[in-house]
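Just so it is clear, none of the values below were taken in a lab; they were calculated from the coordinates. This is a predicted model, so every value here is computed, not measured. Please note: Cβ atoms are built from the backbone with ideal geometry, for glycine as well, and neighbour counts cover all protein chains shown.
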């Protein structure tokens, strides 16, 4: 059941200022981009660079998709994407450096908490070695066997660290490892990560300035039965173009989007086979938390409650993320506990490991639920066992006029805004090459569609 998630009630730090600085839609766009998240913003910027006209249609009243920055107690805080992963190959890192954006490298050291005490240096070293052993083992297993659950490649003899390692990998994969493709799992590049002061969502919003984006414009379907494409708007209107780039999250494509005629078998099966990944933030404001140093991960081992992950002292502030994985979210949803249930869970876990007296100044101002957001229906797209070719299949055009772009397409950076941005650039380049080659006819436009376009700006 989809409800209005709590995170949707927090205002973007830039949304009120952004709308007046967006460009109007062109009267007859060459390309329609559906969605103004990282992939849609990238596609629009690249298409314009290549001399094509574009209309970007976004269902939300803001840009950024699953990356949004809000203000909490005077601090900018991300409620969605936060890490700029894979710095050497992430186009948003390279672009940020070129623009002079306030990037900073993520800390390499993390906190280890065992039961009710800090981990010793020898325990930290052993934990790190076990992680390395596990990662190498899963990568080797993927290279020498047929596809299956990624958990199959996890070594059985990791000592006291095995359960914790499985939890962390399940969290960052978006599903427990037994639900993740062994052949897809090692494709993700996570090294040399960055953060950005002021928030990731705010950064993407800056990249959208001046683009022709119409906010509050849900698209319910795409008609490609004749020349070009026509998009069906939720308010009954239509807009036509020569081609479309669809950046809608895969779980939304599965549940609430129509193609007319239906997609051919390959892309239809690729889209249908993904699972919705779950990764949620419980935002803690905890000034007296026993963690020092900004932006450090914390692993908590032992005890009855085992938090999948924590990120502490975000940007040097008293804010921390207590992360929810698929199992935690499923348990909360099964009882209908909602955001307050997540708050109770976080307090119970922290009380067990740090003592109730240490929580005297703890507040929990926000809890995300991207899995219940109608415009995302999950945090990212997960490839289950036996479906490893799906990401590359989504990179193929449909009828030489429909392209897909988003994190789901990315082999090296799936689940990340950087991967989505890269795929948006690639899709835009392929569309531009096709249009410049003259392979796409202009769409038939009737009078009602012309009227819709004039009104859309």
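FRET efficiency for the pair residue 305 and residue 11, taken as 1/(1 + (r/R0)^6) with r the Cβ-Cβ distance and R0 = 30 Å, rounds to 0.35. The label-point distance for residue 235 and residue 120, in a model that sets each label 7 Å from Cα toward Cβ, rounds to 6.7 nm.
Quick one: length gained pulling residue 192 to residue 411 fully straight, 0.36 nm per residue minus the C-alpha distance? Before the final figure, lay out each step's value.
On the way: separation 219, 0.36 × 219 = 78.84 nm, distance 1.75 nm.
Between residue 192 and residue 411, full extension yields an extra 77.1 nm.
Expressed in nm to one decimal, what extension gain is obtained for the pair residue 107 and residue 225 from 0.36 nm per residue of sequence separation less their Cα-Cα distance? Mind showing how you got there, number by number?
On the way: separation 118, 0.36 × 118 = 42.48 nm, distance 5.16 nm.
So the extension gain works out to 37.3 nm.
With both residues required to sit in the chain, DSSP beta bridges show an antiparallel share near 65%.
Here the simple spin-label model places points 7 Å from the Cα toward Cβ, and for residue 335 and residue 156 these points are separated by 3.4 nm. When each of the peptides 45-54, 159-168 is scored by the mean number of other C-beta atoms lying within 10 Å of its residues, the order from highest to lowest reads 45-54, 159-168. With a cut-off of 12 Å on the backbone N, the residues of the stretch 371-401 near the modelled label site 7 Å out from residue 437 along Cα-Cβ are 397, 400-401.
Here the simple spin-label model places points 7 Å from the Cα toward Cβ, and for residue 129 and residue 294 these points are separated by 3.4 nm. Using only Cα atoms, tell me the angle between helix 447-456 and the longest principal axis of the chain; keep it within 0 to 90° and round to the nearest 10. Helix 447-456 and the main axis of the chain meet at about 50 degrees. Relative contact order of the chain, taken over Cα pairs closer than 8 Å and 6 or more residues apart, is 26 percent. Rounded to two decimals, the Cα-based Rg/Rh of the stretch 41-95, with Kirkwood Rh, is 1.05. For a Förster distance of 22 Å, can you work out the FRET efficiency between the beta-carbons of residue 50 and residue 97, rounded to the nearest 0.05? Approximately 0.45, to the nearest 0.05.
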